[in-house]
1. When residues of the range 155-183 are filtered for being modelled with pLDDT of 90 or more, farther than 17 Å from Phe23 by Cβ and not hydrophobic (A, V, I, L, M, F, W, C), how many remain?
2. Based on this model, can you work out whether Leu81 counts as modelled with pLDDT of 90 or more and under 12 Å from the mean Cα position of the chain (by Cα)?
3. Which condition from (1) outside any helix (DSSP H, G or I); (2) surrounded by fewer than 20 Cβ atoms within 10 Å (Cβ to Cβ) is the one that Val181 breaks?
4. List the pairs whose first member sits in the range 18-38 and is at positive phi, whose second member is surrounded by 20 or more Cβ atoms within 10 Å (Cβ to Cβ), and whose Cβ atoms are under 7 Å apart, counting only residues at least 6 apart or on separate chains?
5. What helices (runs of 4 or more DSSP H) completely inside the range 43-161 contain at least 2 residues that are among the charged types (D, E, K, R)?
6. Kindly evaluate Leu43 against the criterion of being at pLDDT 95 or above and more than 17 Å from Phe163 (Cα to Cα).
7. Looking at the range 149-175, which of its residues are among the aromatic types (Phe, Trp, Tyr) and in contact (Cβ under 8 Å) with a residue 60 or more places away in the chain?
8. Report every pair of residues separated by at least 6 positions or lying on different chains whose Cβ atoms are under 7 Å apart, first residue within the range 60-88 and within 25 Å of Pro14 (Cβ to Cβ) and without any contact (Cβ under 8 Å) to a residue 40 or more places away in the chain, second surrounded by fewer than 16 Cβ atoms within 10 Å (Cβ to Cβ) and of a type in the set (Lys, Arg).
Amino acid sequence: MTRQPDPWPEEEAPPLTGMSDLFDSVLILPSRILCVGAAILLLAMMLVTVGDVTIRTLFHDAIDNAELMTSHWFLSGTIFLPLAYVTVLDRHISVEVVEQFLPVRVQQIKMGVFLVVGVAIFLLLAWQSWVLALQKMQIREFVSGATTFYSWPGRFLMPVGTFMFALVMAARAVGYFSGRVKP
């Protein structure tokens, strides 16, 4: 029996800045931690959903506030926390119809400019969502469901994820502008 090649071989992530491994690892480690946190939230969301469906089917009861946990805590974490790590791995979807014919230096400058614009957008998003999360924490925001459900803790997942995403994009932009990182 012949072994088939792995369709997704493990490859090392491209450097963020190309300046030093230590500097890159300072950004990569928190990105990985946030990604693991997103995976834990995804697992928790699956367990709560399956548990709720099972309890509803077998016992005609429900897990209190299961829908609220999913919509206010789990989803925002699974969406925003892994963004930085996806950028570290350079796994965002891209279509290079024209870009492949451009000189490498033009590609680097183009990517650097796009990343700087992305940094500005995501820093603004992080700042606005952080201010909102602080306001909701101060008033101890809750949603009335089966019981009182405090929704404000989930509001902090978006600013944390978008801020880390902006930092990693800024580091990658530095790498492109310096010419140390190739697209």
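The values are calculated or read from the model by the stated rules, or taken from the named source; none is laboratory data. Computed from a predicted model, the values in this text were never measured in an experiment. For neighbour counting, all protein chains shown are included, and Cβ atoms are generated from backbone atoms with ideal geometry for every residue, glycine included.
1. Residues that pass the stated criteria total 4.
2. Values: modelled with pLDDT of 90 or more: yes; under 12 Å from the mean Cα position of the chain (by Cα): yes.
So Leu81 passes the test.
3. (2)
4. Partner pairs satisfying both residue conditions: Gly18/Gly175; Gly18/Val181.
5. Numbers: elements: 66-69, 75-80, 83-88, 104-138.
Answer list for the range 43-161: 104-138.
6. Numbers: at pLDDT 95 or above: yes; more than 17 Å from Phe163 (Cα to Cα): yes.
Yes: the conditions hold for Leu43.
7. Initially, the range 149-175 is screened for residues among the aromatic types (Phe, Trp, Tyr), giving 149-150, 152, 156, 163, 165.
Within the range 149-175, Phe149, Phe165 meet the criteria.
8. From residues that are within 25 Å of Pro14 (Cβ to Cβ) and without any contact (Cβ under 8 Å) to a residue 40 or more places away in the chain, there are no pairs.
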